[in-house]
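The values are calculated or read from the model by the stated rules, or taken from the named source; none is laboratory data. Owing to the predicted nature of the structure, the values given are computational and were not obtained by experimental measurement. Cβ sites come from the backbone with ideal geometry, for glycine too, and all protein chains shown count toward neighbours. What goes into the accessible areas is simple: the full protein's heavy atoms, side chains included, and nothing from ligands, DNA or RNA. Shrake-Rupley method; radii C 1.70, N 1.55, O 1.52, S 1.80 Å.
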Amino acid sequence: MPFASSLAKSLEHRRQQLAKHLDHPVLLWSGQATPRNFPANTHPFRPSSHFLYFAGLPLENAVIHMADGHLTLFMDEATPAEALWHGPSPSRTELAHKIGAGKALPLEDLKHFVGDQVATLKVQDNATAVHQEQLLNRSIPIAKQSQDQDLALLQAIVQLRMCHDDYALDEMRRAAGVSVAAHRAGMAATKLGKNLTEAHVRAAMEQVIMAHGMACAYNSIVTVHGEVLHNNHYHYALGENDLVLADVGAETKAGWASDITRTWPAGGKFSSTQRDLYDVVLAAHDACIEAAKPGVEYRELHLLACRTLAAGLVDLGILIGQPDDLVEQDAHALFFPHGVGHLLGLDVHDMEDLGDLAGYASGRSRSDRFGLGFLRLDRPLQTGMAVTIEPGFYQVPGILEDKGNCDRYAHIVNWDRLAQFSDVRGIRIEDDVLMTENGCEVITKDLPTHAKDIEALITN
C-alpha cells in the first residue's frame, strides 16, 4: 500500500532492509511504564529504541511482528478506565495505519499468529523485561527459539541503525536545534544575578526543551563541579570564578537524541588559566572534527584528541615530555580519562544496551589500558553515521591523588605548575557530528565554541 507520510515510508524501507538480512520473523515489544512507588504513579514511559526504529511511535505495551518486510501490530484498545484518566486515544487500527502495519490485532492473538521460529530482543529496562517474558511466554514457545536467530537479529539491527536515513537525520537536526536554544538559555540565565544555583541554570535549559514538546535525552549535567563526569546534583551556588559545565540534550517524541556540552564562566569571562585550558580542549575538539570522515578509524580520532591535549599541556608546562610518548604512557588520561565520544541516534549512547556489539567492530574488544579502557566506539566511520566529539580536561581528585598514579607519573607531571590551574575543575566541549560522503557535518554548529563567543553570549 502507498504510505502518505515520510515516517511510514521510512519505516517500510527499514523493514524491507531487515528482511534482506533475516529469513525468519521478528517480534519486538515496546515496553511498559514502571511504577515509582505505587502502580498508578509511574515514571515517564519511553519505548524500547529497537521497537521505535521499526514502529516509529511511542506505543506502550505493544508488539510488532515483522516478516518478509510486512508488519503486524499487536496491542489492546484503551479501556474505559484509561480513557477516563488519560483522555481519548487513537484506535489500534488508526495507529497501524500511521506506521504502515498491514494488520492490527489484540495482544491475545499473538499465540495464534506466531510460529516457533521467531527472533526477539529484550527491552532495555530490567523491570519491564520481566513483563515481556511473561507476555511472550503466554504467546509463543520461547524455549524453541534459536540463539543463532537472536544473534542474527542483533547483528542486523546494528547494521541498520549504524547509519541514519533522511527521516532520522531530520529528527536529529530538530533535536539539535532545540538543544542549541537550551544552551543559549542556560548561558543567558547565568548572568541574571547573584545567588544563582546550578538548579536555576538547569531549569532555564530544560524549560526550553519542554516548551518545544521534547524531553531530555538523558539526565542533565549542569554543574560547577565538572570533574564529576556525570554529575546529577544541582544544589551548588555559582561563584564568580566558577566554570559551569552543562551537558544537556533534547530528544524528539520519536526518540531521536541530541547531545551537547559547553563550558562557560559563571562570571562572564574566563580567567587566564581557564582560558588557557579551554583553548587546549577546543584545539582537540577542532582537530577531531577536521579529521572526521568516512573510512577514518574512530579510535584514531580519540588518539588525535589525546595527542593534541598532551601537546597543549606540555606547552602550558603541566606535562613534561613528547606528546606521542606521553600518550603511549597514558599520561594524558590523568586529565582526560574517558573516550572522545560515542554513537548517537535513538539513544544518546546509541545501542549501548547491546554492550559493545555496536560500538566495537567485529573481532575487537576493549583495551585494559588506562587511556583507552573507556573508549565507547572503535570502528571505522561510515557515511550516515552520527557520533559525538567531546574531549575534556578534568582534575579528578580520585585520579590525581591516587598513590599509584602519583608514583608512576612523578617525573611527568609538574605538580607545582598544575596547582596554578586550581580554578579549573572540569572543561568539556561536545558537538554532534554526521559523517557525509566526503567529510562531516556538525549538526550542532549553531552553538559557538570559541571562548570569546561564549563570553559574548553571557555578557551581551
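In whole angstrom, how far apart do the alpha carbon centroids of segment 397-460 and segment 79-98 sit?
48
Hey, what's the Kirkwood Rh for the chain if you take every pair of different alpha carbons, in angstrom?
Working: mean 1/r = 0.0421 Å⁻¹.
Here the Kirkwood hydrodynamic radius works out to 23.8 Å.
Please give the direction-averaged projected area of the C-alpha convex hull for segment 205-275, in square nanometres with one decimal. Provide the component values of the computation, followed by the final result.
Numbers: hull surface 20.7 nm².
Mean orientational projected area (segment 205-275, Cα hull): 5.2 nm².
Select from S271, L59, L27 the residue farthest towards the positive end of the dipole of the chain; place +1 on Cβ of Lys and Arg, -1 on Cβ of Asp and Glu, and compute about the Cα centre.
L59
Determine the shape class of segment 356-460: with a ≥ b ≥ c the square roots of the Cα gyration tensor eigenvalues, call it rounded for a/c under 1.5, and otherwise prolate if a/b is greater than b/c, oblate otherwise. Before the final figure, lay out the partial values.
On the way: a/c = 3.32, a/b = 1.17, b/c = 2.84.
Note, shape of segment 356-460 comes out oblate.
Working from Cα positions, state the angle (0 to 90°, nearest 10) between the long axis of helix 147-162 and the longest principal axis of the chain.
60
Out of residues 5 or more away from G345 or on other chains, whose amide H comes under 5 Å of its own, with H placed 1.01 Å from N in the peptide plane?
Those qualifying (amide H under 5 Å, at least 5 residues apart or on another chain) are A257, D350.
Stick to the Cα atoms of segment 1-52, pair each with every other, and give me the Kirkwood hydrodynamic radius in Å at one decimal.
Values: mean 1/r = 0.0728 Å⁻¹.
This gives a value of 13.7 Å.
Taking Cα atoms, how many degrees apart are the long axis of helix 298-315 and the longest axis of the chain, rounded to 10 and kept between 0 and 90?
In the chain, helix 298-315 runs at an angle near 20 degrees to the longest axis.
In segment 207-330, if every C-alpha pair distance is counted and binned at 10 Å from zero, what percent goes to each bin?
With a bin width of 10 Å, the distribution comes to 12, 29, 36, 20, 4, 0.
Rounded to the nearest 500, what is the chain's calculated 222 nm mean residue ellipticity when only DSSP H runs of at least 4 contribute -39500 (n - 2.57) each, over all residues?
-12000 deg cm²/dmol
Taking the Cα centre as origin and putting +1 on Lys and Arg beta-carbons and -1 on Asp and Glu beta-carbons, what dipole magnitude results for the chain, to the nearest 20 debye? Before the final figure, lay out the partial values.
Working: 39 positive and 59 negative charges, 146 e Å.
Using only the charged Cβ atoms, the result is roughly 700 debye.
Just report the Cα centroid separation between segment 246-325 and segment 1-49, whole Å.
35
Which peptide among 319-332, 238-251 comes first, and what is the full order, when sorted by highest mean count of other Cβ atoms within 10 Å? Each step should come with its number before you reach the end.
Numbers: 319-332: 19.1, 238-251: 22.1.
Top to bottom by mean Cβ count within 10 Å: 238-251, 319-332.
Rounded to the nearest whole Å³, what is the per residue volume of the convex hull around the Cα atoms of segment 316-418? Walk me through the numbers before you get to the answer.
Working: hull volume 13.4 nm³, N = 103.
Dividing the Cα hull volume of segment 316-418 by its residue count gives 130 Å³.
If amide hydrogens are placed 1.01 Å from N in the peptide plane, which non-local residues have theirs closer than 5 Å to the one on V222?
Those lying under 5 Å, H to H, from V222 are D247.
Using packing as a proxy for protection, rank 260-267, 310-317 so that the peptide with the highest average count of other Cβ atoms within 10 Å comes first.
Working: 260-267: 23.5, 310-317: 19.9.
Top of the packing list down: 260-267, 310-317.
Go through 370-376, 449-455 and give me the packing order, highest mean Cβ count within 10 Å leading. Let's see the in-between values first.
Values: 370-376: 19.0, 449-455: 16.3.
By packing density, highest mean first, the sequence is 370-376, 449-455.
Round to the nearest 10 and give me the degree value, 0 to 90, for the angle of helix 166-190's Cα axis relative to the longest principal axis of the chain.
40
For the chain, with all protein chains present and a 1.4 Å probe, just round the carbon and sulfur fraction of the accessible area to a whole percent. Show your work: numbers first, answer last.
Working: 10510 of 20370 Å².
Result for the chain: 52 percent of the exposed heavy-atom area is carbon or sulfur.
Computed over the Cα atoms, what is the radius of gyration of segment 24-95 divided by 2.2 N^0.38 Å, N being its residue count? Walk me through the numbers before you get to the answer.
Details: Rg = 13.5 Å, N = 72, 2.2 N^0.38 = 11.2 Å.
Here the answer is 1.21, to two decimals.
Which entries in the list K20/K253; K98/K253; K9/K253; K293/K452; K194/K445; K194/K269 go over 21 Å, if you measure between the two C-alpha atoms of each? Working shown, then result.
Values: K20/K253 29 Å; K98/K253 15 Å; K9/K253 18 Å; K293/K452 28 Å; K194/K445 30 Å; K194/K269 15 Å.
Too far apart for the 21 Å limit: K20/K253; K293/K452; K194/K445.
With an 8 Å cut-off on Cα pairs and a minimum separation of 6 or more residues, tell me the relative contact order of the chain in percent. List each step's numbers first, then the result.
Working: 885 pairs, mean separation 66.5, N = 460.
RCO, the chain: 14 percent.
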